[in-house]
Each structure stands twice: as C-alpha cells, then as structure tokens.
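Readers should treat all values here as calculations from the given coordinates under stated rules, not as data from a laboratory. Since this is a predicted model, take the numbers as computed values, not measurements. Reconstructed Cβ throughout: ideal geometry from the backbone, glycine too, with neighbour counts over all protein chains shown.
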Amino acid sequence: MLTNKETALLDAATELIREKGMIALNMSDVHKKAGYSRAAQYQSFSDKNSLLAALCMRELVQSTTAIEEQRYKELTADFTVVLRPVVYDYLKLSDRLMIDSAFGNMLKCVEALPEVEQFSFLKQGFAFLHAERTKAKNT
C-alpha cells in the first residue's frame, strides 16, 4: 500500500512524463511538482530506477485490479510507463523480475476476458506485447 507521499510523488512523475517525456524526467522536478523536499522524496525512492519500478508496478496493479473487478472502462487509459521498452531496459534485474511477474498476472486476466468485440483490441495488443517481450528476452 502506498503512502500519501508516495502516491503524490508517483502522480507528479506521471504528469511530468506526459508533459516532457520519459527521457526528460528529472528527480528534482518530481519532488518539486509533488510539493515535497528532496530528502522526503529520497526516503521513498532512492533513485530514478526505484521511482520507475514503482510507477510500473502501480500501473500493472491498477489495471489487473480493474480487470478482476470488471471495471473495464479504466483499461482504456494509456499506460504511461510500464509498456515502454526504454523503461524496462533501464530497470535493475530485480525490478524487471518483479515487473515480469506482475505483467504475467495481468496478461492472465486479459486472456480470461470474455471473447467480445469490446476486448478484442486489448487482447490483441497484449498478445503482441507478450510476444515482443518474449522475443526481446531471448535475444
């Protein structure tokens, strides 16, 4: 469970990524936008890696929960972080393993969705993404 501070920092990071892009994300901008001190930020996220890993996990958990609770409209939101190869490649191995596990859980939920037109694009997208991730790991 995230604290209010962690949620504010992750929200700020998400907004900054949407505004400036992933490459321009700067830890200094995150704590300022969230209204916290630099020290407070580093108590929660020691570096950019830990911040990005937390963003990935939050997106995966929220999406998996939305599927499990049949709140499908929430799935149409764009993924800010987790589906970007540049983020995944940046993460430490331990964080990649954690993300892979959470992604696997979400993929199972997507595959279990009813075979209706509403979900066909989502299912095709995740099947493609799974194939791309598998191919990238094997190279």
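For the pair Ser28 and Phe121 in one chain, pulling the backbone fully straight at 0.36 nm per residue adds 29.7 nm over the alpha carbon distance.
For a straight C-alpha distance cut-off of 20 angstrom, the aspartates and glutamates reachable from Lys135 (same-chain residues fewer than eight places away being disregarded) are Asp89, Asp95, Asp100, Glu111. Counting charges near Ala112 (Lys, Arg +1; Asp, Glu -1) among other residues having Cβ under 12 Å from its Cβ returns a value of -1.
Considering helices alone, the calculated mean residue ellipticity of the chain at 222 nm is -23000 deg cm²/dmol, with DSSP H runs of length four and up weighted by -39500 (n - 2.57) and normalised per residue.
Contact order, relative form, for the chain: 20 percent (alpha carbon pairs under 8 Å, 6 or more residues apart, mean separation divided by residue count).
Extending 7 Å from Cα along the Cβ direction at Tyr72 and again at Glu19 yields two label points whose distance is 3.5 nm. With both labels modelled 7 Å from their Cα along Cα-to-Cβ, the Leu129 to Ser50 distance reads 2.6 nm. For the peptides 51-64, 87-100, the ranking by mean Cβ contacts within 10 Å, running from highest to lowest, is 51-64, 87-100. For the pair Ala39 and Lys5, the difference between a 0.36 nm per residue extended length and the Cα-Cα distance amounts to 11.0 nm.
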